[in-house]
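Report on the following structure.
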Amino acid sequence: MAEREDDHAEAWLQLKPVEPLPSQCCGSGCSPCVFDLYYRDLERWDTAQAKNDMSLLSGKQPPESQGCSTKLSPETFLAFHISTMEKVTRDTYLVRFTLPGNCHLGLLPGQHLILRGVVDDLEIQRAYTPISPATAQGYFDVLIKCYETGLMSRYVESWRPGDTAFWRGPFGSFLYEPKKYGELLMLAAGTGLAPMVPIVQSITDNEDDETFVTLVGCFKTFEDIYLKTFFQEQARFWNVRTFFVLSQEVSPDQLPWSYRDKTHFGRLGQELVDELVARCRRRPFTLVCGSPAFTEDMARCLLSAGLTEDSYFLF
């Protein structure tokens, strides 16, 4: 009798949800977060155990789906195959993932996904924004910067074409609406450029959307600028202006002629933010993405430039 009770208790323990490690939270404020899912499943487990009814757990979803699918889920990781992996700078990769047939990923401009990785038996999760157009068929592209001591970086650098990666989503509280803003000022540092790319593309792909865009990319050197072709193509549109801020270049003579008039040397600070806001035809709605220090500094600069908290969004 005691053995049956022990076996029954052990069965319940095996069904109890495992609390996520801190590394499994990407820190991007996703909803649901991995901890939201854990507490939801724990409450369901407590209820089922109190009623001694394991059938109440049958609605629990698996942590990942092995088959490739385009039906995204914020709760379930889906498998996507890596098609190509291009090293675009010394520490950044442009990775293309395949979608079955000519399917669309289903993300709206401004939304991001969560990538799941495992390194040394430690599960980690990070947020990334696909840079491919929302209308892209059969694929989606992600720009990923790798850091020397980063766990996710080790995982990403182990990828090879044909490998499988697991994503869930979509997430993101900012969803671009065509023609809602008369003018957008975009301030992006490094891979913070990612959420800006599909938004700009959606504007220039829509001939009815006459939103004016000023896109500012902040990088260390000219070689560090991502997606140069994208910048050049978008700057041909009448309603798009592009600027660069290079913190470690010392002379315009080092740049191609086409970049010299649109490049500032140093850092993006109050004086330059004031100038960018003043150049806008009307009071802009501003999008900011970069490191926490960059976004905090830009928020301060924008307020000092006369903008209000409801006139900018920090990714």
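The values are calculated or read from the model by the stated rules, or taken from the named source; none is laboratory data. What you see is a predicted model, and the numbers here were worked out from it, not measured in a lab. No Cβ is skipped: glycine too gets one built from the backbone with ideal geometry, and neighbour counts run over all protein chains shown. For the accessible areas, the whole protein counts, side chains as well, though only heavy atoms, and no ligand, DNA or RNA atoms are used. Shrake-Rupley method; radii C 1.70, N 1.55, O 1.52, S 1.80 Å.
Placing unit charges on each Cβ (+1 for Lys and Arg, -1 for Asp and Glu) gives the stretch 197-315 a dipole about its Cα centre, and among 255, 280, 231 the Cα reaching farthest toward its positive end belongs to 255.
Of the solvent-accessible surface of the chain, computed with a 1.4 Å probe and all protein chains present, 49% belongs to carbon and sulfur. Counting Lys and Arg as +1 and Asp and Glu as -1 over every other residue whose Cβ lies under 10 Å from the Cβ of residue 85, the net charge comes to 0.
Distance check, please: which entries in 71/179; 180/262; 87/145; 179/262 exceed 19 angstrom between their Cα atoms?
71/179; 180/262; 179/262
Modelled label-to-label distance, residue 260 and residue 158, 7 Å Cα→beta-carbon offset: nm? It is 4.8 nm. Computing FRET efficiency as 1/(1 + (r/R0)^6) for residue 253 and residue 232, where r is the C-beta to C-beta distance and R0 is 22 Å, gives about 0.60. Ligands, DNA and RNA aside, residue 159 has an accessible area near 10 Å² when probed at 1.4 Å.
Entry comment: accessible area of the chain is 52 Å² per residue, from protein heavy atoms only and a probe of 1.4 Å.
In the chain, one over the average inverse separation of all distinct C-alpha pairs is 21.7 Å, which is the Kirkwood hydrodynamic radius.
Local charge for residue 256 was computed over the other residues whose Cβ lies under 14 Å away, with Lys and Arg +1 and Asp and Glu -1, and equals -1.
Here the chain is treated with +1 on each Lys and Arg Cβ and -1 on each Asp and Glu Cβ, and its dipole about the Cα centre works out to around 940 debye.
Using the Cβ-Cβ distance between residue 270 and residue 179 with R0 = 51 Å, the FRET efficiency computed as 1/(1 + (r/R0)^6) comes to roughly 0.95.
Placing +1 on the Cβ of every Lys and Arg and -1 on the Cβ of every Asp and Glu, with no other charges, gives the stretch 176-257 a dipole of roughly 160 debye about its Cα centre.
The smallest convex shape that holds all Cα atoms of the stretch 154-231, its convex hull, gives 157 Å³ per residue. Other residues within the sphere of radius under 13 Å centred on the Cβ of residue 245, judged by their own Cβ, net out at -2 (K and R +1, D and E -1).
Measuring spread by the Cα atoms of the stretch 170-308 yields a radius of gyration and Dmax of 14.5, 43 Å. Taking the stretch 92-120 and a reference point 7 angstrom along Cα→Cβ of residue 147, the backbone N atoms nearer than 15 Å belong to 92.
Scaled against 2.2 N^0.38 Å for its residue count N, the alpha carbon radius of gyration of the stretch 112-248 is 1.15.
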